[in-house]
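A short worksheet on the structure shown next.
Values quoted throughout were computed directly from the atomic coordinates according to the rules given, and no laboratory measurement underlies them. Not measured: the values here are computed from a predicted model. Positions of Cβ are backbone-derived with ideal geometry, glycine not excepted, and every protein chain shown enters the neighbour counts.
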Amino acid sequence: MEEGVAQGPGQGLQAAGQFRERGGGAPAVTLVISDHGHGPIRSELFTNRWLVEQKYLVFRESPEIARRRLLSQLLLVAQKVGVGRRLTRRLADFVRDGRRAELAEFLKGRTSFEQVADKIDWRRTLAFSYPVPEGIYLNPHNPDLTPERRAETLREIRRRLESFPQAHIEVFGPADLYRGGDPTRSPSLFIRIDDMCTEPRMDFSYPSPFIRERPGFFYGSGTHRMEGILIGAGDGVTPQGRAAPANLLDLAPTILEGMGLPPPTDLAGRSLLPDLGLSA
């Protein structure tokens with residue numbers, strides 16, 4: 001995005017006009033479309049920690065993992081006092097400084113899923129969360145997971161997640177979200193927590209899988225929301241108030257119709273031109 005392009009909706013309209021002016025003033029419609037919205041993170045759910053607690057993910061005994069869990073417990077306790085909060089934030093900044101990677105790893109242990117994969121008992125593990133924290137994958141290396149047991153395990157995981165007492169967890173299967181393609185390459189289950197106000201993370205080392213009040217030393221403060229941004233400006237665009245529910249899949253047919261080309265009949269989505277006061 002060019003320097004000076006706006007961040008707010010009002011400034012976004014101004015930016016769309018600037019793009020049009022830079023195009024020489026020829027008849028055109030400029031669309032600004034985000035692939036998601038954004039909002040604050042209020043809580044955390046550690047998907048792999050939950051899977052460990054439920055005995056779907058099994059680690060072998062490891063002094064390194066034990067040290068990491070002890071450090072996590074101490075950090076959470078330190079958050080309860082003012083001096084501790086300041087110190088833990090400084091420690092977190094120190095650990096994130098790439099110039100001290102070796103010392104940081106010594107202090108906090110290996111924390112990524114790739115780093116601890118050799119500590120997982122893959123023969124006994126049924127499920128894990130990697131590479132996306134919103135996804136639950138069944139273990140393809142467990143010979144005991146027959147098709148029947150896979151289906152039973154997924155039903156059980158879904159039931160336990162949906163009845164999780166501390167947060168509202170929605171669970172989706174690939175068929176609920178994907179159209180076409182090969183769903184076997186996706187996670188077996190997807191989760192959305194507290195309408196995305198709770199962020200899923202793949203960490204396994206905290207004493208509890210859920211933290212209601214997010215620690216100040218955690219990285220970042222915001223995450224995605226389902227509602228994105230649609231801004232249109234140009235010849236023929238008229239205010240239409242609140243547009244009908246739109247989807248990212250609507251982008252391709254909108255652009256094609258805007259260029260005077262009929263979208264293929266098998267293309268998912270609908271044109272958003274009527275929402276902008278335009279006709280194909």
Item to check | Protection-proxy order for peptides 75-84, 226-235, each taking the mean of Cβ atoms within 10 Å per residue, highest first | outcome: 226-235, 75-84
Checklist entry - List the GluC sites (Glu not before Pro) in the stretch 45-76 that DSSP assigns to loop (not H, G, I, E or B) and whose Cβ has at most 13 other Cβ atoms within 10 Å. Which are they? => result E61
Checklist entry - Residues with amide H under 5 Å of H38's amide H, sequence separation 5 or more or different chain, H placed in the peptide plane at 1.01 Å from N; which? => result R225
Checklist entry - Quick one: Karplus J couplings for the stretch 182-189, per residue in order, coefficients 6.51, -1.76, 1.60, θ = phi - 60°, nearest Hz, x for Gly and Pro? => result 10, x, 5, 8, 8, x, 6, 9
Checklist outcome for this item: For the R179, D235 Cβ pair and Förster radius 35 Å, calculated FRET efficiency rounded to 0.05 is 0.60
Next on the checklist: Quick check for you: which residues of the stretch 212-242 have the amide N under 15 Å from the point 7 Å beyond the Cα of F164 toward its beta carbon?
Outcome noted: 212-214
Checklist outcome for this item: In whole Hz, the Karplus estimates of ³J(HN,Hα) for the stretch 138-147 (6.51, -1.76, 1.60; θ = phi - 60°; x where Gly or Pro) are 7, 6, x, 9, 9, x, 7, 7, 5, x
